[in-house]
Amino acid sequence: IVDTIEKNDIDIVLLNPNILMPNGKSCVKAIRSMSHEKKANIPTIAITGNPFKHSLKQFQKMGFNAYSEKPINFELLIKMIQEICKSN
């Protein structure tokens, strides 16, 4: 994912914090540490099947802007994306 962001213009990242190798938390940390300021601040939403394990503050500490629960409510996700993109 980090390589894709480095090589392309990406508007937003939807990422499961528990699935990637080594894991999504490390991935968002790598994104936030990128030298290119715009890419380092790309809006990132955690997509999780276990929303009760973490609070929004905990996801924000990991580097995510927001989170969405599985199964995904696409109407709510679209509204969330619009709000995040509007504020950036």
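Whole-Hz Karplus values for segment 30-46 come out as 5, 4, 5, 9, 5, 6, 6, 4, 4, 5, 5, 10, 4, x, 10, 10, 7 Hz, taken residue by residue from phi with 6.51 cos²θ - 1.76 cosθ + 1.60 and θ = phi - 60°; glycine and proline positions read x. The calculated FRET efficiency for ASN16 paired with GLU37, based on their beta-carbon distance and R0 = 30 Å, is about 0.75.
Note on segment 21-88: with charges restricted to the Cβ of Lys and Arg (+1) and Asp and Glu (-1), its dipole about the Cα centre is near 240 debye. For the chain, the solvent-accessible area of protein heavy atoms averages 68 Å² per residue (probe radius 1.4 Å; ligands and nucleic acids excluded). Using 0.36 nm per residue and subtracting the Cα-Cα separation, the extra length available between GLN82 and ASP9 on full extension is 24.5 nm.
Ordered by 1.4 Å accessible area with all protein chains kept, ASP9, ASP3 run largest first as ASP9, ASP3.
When a 1.4 Å probe is rolled over the protein heavy atoms, the share of accessible surface on the chain that falls to carbon and sulfur comes to 54 percent.
Taking a ≥ b ≥ c as the square roots of the eigenvalues of the Cα gyration tensor, segment 40-88 is oblate, since a/c reaches 1.5 or more and a/b is not larger than b/c.
The calculated P(r) of the chain, using every Cα pair and 5 Å bins from 0, goes 3, 14, 27, 26, 20, 9, 2 in percent.
The values are calculated or read from the model by the stated rules, or taken from the named source; none is laboratory data. Keep in mind the model is a prediction, meaning the values are calculated, not measured. Cβ: placed from backbone, ideal geometry, glycine included. Neighbour counts: every protein chain shown. The area values use the complete protein model at the heavy-atom level, side chains included, leaving out ligands, DNA and RNA. Shrake-Rupley method; radii C 1.70, N 1.55, O 1.52, S 1.80 Å.
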